[in-house]
Structures are given as C-alpha cells and as structure tokens.
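The values are calculated or read from the model by the stated rules, or taken from the named source; none is laboratory data. The structure displayed is predicted, hence computed values, not measured ones. Heads up, the Cβs are rebuilt from the backbone with ideal geometry, glycines too, and the neighbour counts pull from every protein chain shown. Calculation scope for accessible area: heavy atoms of the full protein, side chains included, ligands and nucleic acids excluded. Shrake-Rupley method; radii C 1.70, N 1.55, O 1.52, S 1.80 Å.
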Amino acid sequence: MRCRFCSKNISKVFIDLGSTAISNAFVTEEIINSKESIYPLKVLVCDNCFLVQVDEFQKKEEIFSNDYVYFSSVSDYWLAHCKKYVEKVIPQFHLNTESLVVEIASNDGYLLQYFKERNIPVLGIEPTNSTAQIAISKGINTITEFFDEILAEKLSVEHKADLILGNNVLAHVPELNSFVRGLKILLKPEGVMTFEFPHLMRLIEKIEFDTIYHEHFSYFSFFFIIKLFEFHGFKIFDVEELETHGGSLRIYVKHRENNGQAISENVAGLLKKEIEAKVNDINSYIGFQEKANEVKFKFLSYIINERLKGKKIIAFGAAAKGNTFLNYCGVKSDIIECVVDDTPSKQGKYLPQSHIPVVSRDYFKNNKPDIIIILPWNFKKEISEKLSFTKSWGAQLVTYIPEIEIH
Ligand SMILES: [Zn+2]
C-alpha cells in the first residue's frame, strides 16, 4: 500500500491484530446467528515519514453506520474535560457573540453546548446521523456530513471559522491530506485550531495496543503531526500533554502567515523528547507485536487460572478498546460471563465477535462476581469508585495493560 501522507510504498508491520469485527459493531439478538463481518486489522509504519496507519480500510460509511453507539455525553469525566477546555479558550482567543466555532466530529453536541451557553455561534459537522440528531434536538447547528476540502469550499462561502476544533477525529480520517487542505480553506486568516488525539509515544510506551481499531486509520507522533500541518501551510504554536485516552496531545495550530500567536517552548520541548525516544527510527516500531503478545499471554494465563479455580468472572465497560483486546485474546463468554455497561443503547446486545452479553448494572442485584475486569482502563479510577460496593463481597477489580493490576 501507499502511505496516506507521503505516498511512499510501505510494508513494515507495526502490529497485526488478525481478522476481527469492527469494535463498535454490537450484535443484536436478531442477528446473532447470522454471518458477522470481519476485517483484517493490520497496522503498518511508513519508514519515510513515520506515519503509523492501517493497511486496509473499509468504506467509511460502513464503519460509521447510523446505529453507531458511541455518545460522547455519556461520560461525566469527558464532559468535565470539555467544559474546562471551553472555559480556557474563550478568553485566550477572545471568542464572542460575533465569532464562529466549528467542531469536526461534533457527536451529540457534548462540547459545543458549552459555547452555545455563552452565546458563541457554533457549527457542528458530524457524519453519524444518530448522534447528529441529538445535537440538533439540543439546538446545536449541525451538518450531517464528512468533512473534507469539498465541504470546506461549500461552507466557506458563508462561514469562516475563528476556532476549529476536533477531538479524536484526526485518527478517523481516511484522506488525511484532503482533510487538512479543507481546514486551510475554512479557517479565518487570524483563526486558530485545536486538535486532541491519542499520543503514539504513549501507546508504544504503555503497550496500549487495544486502542487500535478499524475506525482509526492513523496513529500520530508529535513529530509526524508537525510534518503534516507544516506541509499544508500551518504552524503549530503550542502543545499540551493530556491524560485522556491513555495519554493524548492537544495541539494549537494557526496559519503559517499569521504572526498573532507566539510559539510556545512546549513545541520544541516535546519534539526533543520524542527524538530522544527515537520516534524517527524504524526500530522503535518493530518489536511492538512481541510486547503486545506478552500482555495477551499474561492476561490469558491469569484469567484461565482464575476460571479453573471456579471464579465467577465478568467485565465492566463495553468500550471499543475492550473489543480489540478480547478478540485478539480470543476470549468468549465461557470465560467472561457478561459485561456490565451503563449505556442503554448497548444493553441487551452482544460484544462484536466474542458475543459476550452486555447487561445493565441490575446484574449486581442477583450476582456477586469474584473478578471484574475493567475494559476501559483509562477510566479505572472513576470505575473503581463506581464499583466500590462490590468490595463488600470481596470482588477484585482488575486491569491488564501494561501488566495485570488488582485494584
Ligand atoms: Zn509516509
């Protein structure tokens, strides 16, 4: 295949997770006995620009189907994170009732609602109909389309943005260059942009291979992201390291021609740290598979031993990363009886491929599991607090990345 950024032929494998179902494709009772679609999940790395990317991708419409079940507003923790962001950027970039804030992949309006509360005009762009409809019902101006340069041309006739933001969207973009060219068109000359995305260096360091799924076409180092934005005529003027999603970056971007924002020393600082970690050395990427396999084998050995002792094992949180992990490990409902999840749209369904049933918290009324595996380990603190009542019968709360840990 050709690199999504620099078009060079690439063949170096970062990790091959085998053939697996799309991690958000929950299975209903009606279709559980029919054939399930599985796709290869193989991640390559370009030895020219060091973009880590998936080998094959499906039609984007198939992945982001209308019954997409991820609603951003479900997590209180995430909402608090977004509210804090809004309170920071409004004074920093002098946003007011004359400004326009555009969010790409605005989901159910989880973030734009905080701008709207402050009477700052907003426009959401969200291709998933089920989430976009919720945003619209909250009065948040939303366009149900994929963002690319064609849409940017169309929008920029009437709207140019003072702030464009995208949280966890860059990884979902198949045509990366078209996307960034679109940003160049839509942003006002003095406008700014922020993007948050999981940090590849953290993924490698903590062996977070379960954050790899079909919906993510690319995985970014700061080194690469600078290259991408500079190529398209932008300048990154600040970067923050965040704890969200197992370690993310928030970048601040402006047009190259804009002298309005000073370049923070964080930019050179983080780049230096990445170069020291050999981000531009192909050997840093090769060998990741073996580390991931070690995590898998240790988990399997732990869970099979506990099961042989007769322990009752369930999981908590039917997150996408849990599906990548369980399917790579080949775990089914004979080991993990069910997954408790608070999202009503997932309850009563089954996890893709493993077919482990998803149930509500009512499960605990009649069941006292010995072991609860926390699948979204990035929320382990929040979830451990939520589940503290299970301590009354001595349940163990367990995470497994990068090591088995009992909370
Ligand atoms: Zn490349």
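Restricting attention to segment 202-236, and to residues there that are touching a Pro at 6+ places or on another chain (Cβ under 7 Å) and among the β-branched types (V, I, T), which single residue is modelled with the highest pLDDT? Checked segment 202-236; the qualifying residue modelled with the highest pLDDT is I207. Got a sec? Which of F297, F229 is in the same structural domain as A80 (by TED's automatic domain parsing) and among the aromatic types (F, W, Y)? From the options F297, F229, the qualifying one is F229. Being open to solvent by 10 Å² or more (accessible area, probe 1.4 Å), at pLDDT 85 or above, charged (D, E, K, R) and within 16 Å of the ligand (Cβ to nearest atom), is that true of even one residue in segment 19-35? No, segment 19-35 has no match at all. Just to be sure I understand the filter: pairs with C-beta atoms under 7 Å, separated by 6 or more residues or on different chains, first member in segment 87-103 and of a type in the set (V, I, T), second member open to solvent by 10 Å² or more (accessible area, probe 1.4 Å) and modelled with pLDDT under 95. Which pairs pass? If the second residue must be open to solvent by 10 Å² or more (accessible area, probe 1.4 Å) and modelled with pLDDT under 95, no pairs are left.
Table: residues versus (1) closer than 18 Å to V27 by Cβ; (2) within 25 Å of the chain's Cα centre (by Cα); (3) surrounded by fewer than 20 Cβ atoms within 10 Å (Cβ to Cβ).
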{"residue": "E337", "(1), (2), (3)": "yes, no, yes"}
{"residue": "P344", "(1), (2), (3)": "yes, yes, yes"}
{"residue": "L351", "(1), (2), (3)": "yes, yes, no"}
{"residue": "K391", "(1), (2), (3)": "no, no, yes"}
{"residue": "I401", "(1), (2), (3)": "no, yes, no"}
{"residue": "I404", "(1), (2), (3)": "no, yes, yes"}
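Filtering F5, F14 for residues that are under 24 Å from F223 (Cβ atoms) and either away from the ligand (no atom under 16 Å from the Cβ) or outside any loop (DSSP other than H, G, I, E, B) (or both) leaves a single hit, F14.
Checking each residue in segment 36-47 for being out of contact with any Ser or Thr (no Cβ under 7 Å at 6 or more places or on another chain) and either more than 16 Å from the ligand (Cβ to nearest atom) or part of a helix (DSSP H, G or I) (or both) picks out E36, S37, K42. In segment 243-257, what residues are open to solvent by 20 Å² or more (accessible area, probe 1.4 Å) and at pLDDT 95 or above? Passing the criteria: R256, E257. Checked across segment 259-271, the condition of being open to solvent by 50 Å² or more (accessible area, probe 1.4 Å), under 20 Å from F195 (Cα atoms) and in contact with a helix residue (DSSP H, G or I) (Cβ under 8 Å, 6 or more places away or on another chain) holds for at least one residue. Taking the stated definitions as given, is V122 assigned by TED's automatic domain parsing to the domain that holds F231 and surrounded by 20 or more Cβ atoms within 10 Å (Cβ to Cβ)? When the stated conditions are applied, V122 passes them. Evaluation of F297 against the conditions (1) open to solvent by less than 80 Å² (accessible area, probe 1.4 Å); (2) hydrophobic (A, V, I, L, M, F, W, C); (3) more than 30 Å from W78 (Cα to Cα) shows that the sole unmet condition is (1).
All of (1) open to solvent by less than 30 Å² (accessible area, probe 1.4 Å); (2) outside any strand (DSSP E or B); (3) on the phi < 0 side of the Ramachandran plot hold for P127 with one exception: (1). When A292 is tested against (1) surrounded by fewer than 19 Cβ atoms within 10 Å (Cβ to Cβ); (2) under 26 Å from D16 (Cα atoms), only condition (1) is not met.
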